[in-house]
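Below is one structure, written out as structure tokens; comments come after it.
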Amino acid sequence: MAFAMMTVLSLAFISCSSDDDDDSTSFKFGQININGKDYACYGYGMPITYISSWEDGTLSISLPLGELADAKKGEYDYDYMIGIECNGGNKPSAGTDLADYSEIDITIILNDGGSAVYESGSAVVKSIKDDDYITIEFKNFKCKTSSSQSYTFNGTVKLDYDVD
């Protein structure tokens, strides 16, 4: 999994910005709160993003994040990444809680992050359309790294989604 994440990250840390000098944005980005701080989530409808997917019994969720203030100015910088892999469950549908999968692996590239394990809370699929999008609502979704750093996610994000 670490090799796969490194490969993906090396290919896609791309920044795009608006050529306009005003504070309007050309693309709609999502927003998620992690440990009390709001971040822009570059998911569905962005010109370049990571794809979340269902493949071979694994649900892979990618949350490419940036500073919210930058996104509001039209500067779409992918500064951080959260990866969530869920195994041991069925293909997701509306109402599926990621917490119900028997195995959840979380990779956090945010500050000093690293690998994390799920602790509590929910991440419920609100809507889904195969080969288009998945919308997930995080409610006090908590995980902890091996260095005892805790992360709590809140908010709803819409992400590009591919089914193989």
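The values are calculated or read from the model by the stated rules, or taken from the named source; none is laboratory data. This structure is a prediction, so every number in the text was calculated from the model and none was measured. Cβ: placed from backbone, ideal geometry, glycine included. Neighbour counts: every protein chain shown. When the accessible area is computed, the model is the full protein with side chains, heavy atoms only, and any ligands, DNA or RNA have been set aside. Shrake-Rupley method; radii C 1.70, N 1.55, O 1.52, S 1.80 Å.
Some points to look at:
- Considering each residue of the range 12-21 in turn, none proves to be of a type outside the set (Asp, Glu) and modelled with pLDDT of 50 or more.
- Residues of the range 66-93 that turn out to be of a type outside the set (Phe, Trp, Tyr), under 16 Å from the mean Cα position of the chain (by Cα) and open to solvent by 30 Å² or more (accessible area, probe 1.4 Å), as a count: 4
- Any hit, the range 94-102, residues being open to solvent by less than 60 Å² (accessible area, probe 1.4 Å), assigned to a strand (DSSP E or B) and in contact with a strand residue (DSSP E or B) (Cβ under 9 Å, 6 or more places away or on another chain): yes
- Looking across the range 110-133 at every residue that is among the polar types (S, T, N, Q) and at pLDDT 95 or above, the one that is farthest from Ile34 (Cα to Cα) is identified as Ser127.
- Number of positions in the range 128-151 that are on the phi < 0 side of the Ramachandran plot and either free of Cβ contacts under 8 Å to residues at least 12 places away in the same chain or open to solvent by 30 Å² or more (accessible area, probe 1.4 Å) (or both): 13
- Candidates are the residues of the range 75-91 that are in a strand (DSSP E or B) and among the charged types (D, E, K, R); the one that is nearest to Asn33 (Cα to Cα) is Asp77.
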